[in-house]
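K.L.:
Quick one: the structure is below, questions incoming.
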Amino acid sequence: MADDELKSAWEIALEKLRAREGKGEGTPLTEGQKERIAEIRRRYRAKRAEMEILHRQNVEKAWLRGDPEEVRKVEEEYVRELRRLDEREEAEVRAVREEPGKTGDD
């Protein structure tokens with residue numbers, strides 16, 4: 001067995017975290033980057049909440065019409081939209097993380 005096959009769970013988790021962040025060894029985020037990422041997260045959390053409200057209304061309307069096929073379509077569209085929203089959020093966060101580091105706290 002090679003040495004890299006004998007990694008601890010901690011080492012594997014750390015590697016996955018680094019890969020997810022796209023940071024290699026990890027560059028510390030500036031305070032400005034942290035604030036911008038937090039704002040992105042807040043904005044997308046609000047969008048999800050709005051989407052959920054609209055989704056519930058659409059499902060209720062479909063059920064009141066007695067159309068299970070429409071309910072299924074509404075559910076599928078909601079899942080697709082959530083995925084798109086998640087992808088856009090992560091792309092924005094990744095863009096902030098990948099900005100060249102600055103010295104100081106911005």
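The values are calculated or read from the model by the stated rules, or taken from the named source; none is laboratory data. Worth saying up front: this structure is predicted, and the values here are computed from it rather than measured. Every residue, glycine as well, gets a Cβ built from its backbone with ideal geometry; the counts of neighbours run over all protein chains shown.
K.L.:
I need every pair where a residue in segment 59-77 that is within 19 Å of Arg48 (Cα to Cα) has its Cβ under 9 Å from the Cβ of a residue that is surrounded by fewer than 13 Cβ atoms within 10 Å (Cβ to Cβ) and of a type in the set (Ser, Thr, Tyr), sequence separation at least 6 or different chains.
P.N.:
none
K.L.:
Identify, please: which residue in segment 28-84 is surrounded by 15 or more Cβ atoms within 10 Å (Cβ to Cβ) and part of a loop (DSSP other than H, G, I, E, B) and is, among those, modelled with the highest pLDDT?
P.N.:
Of everything passing the filter in segment 28-84, Thr30 is modelled with the highest pLDDT.
K.L.:
Here's another thing I want to ask about it. Somewhere in segment 88-99, is a residue aliphatic (A, V, I, L, M) and touching a residue at least 40 places away in the same chain (Cβ under 8 Å)?
P.N.:
yes
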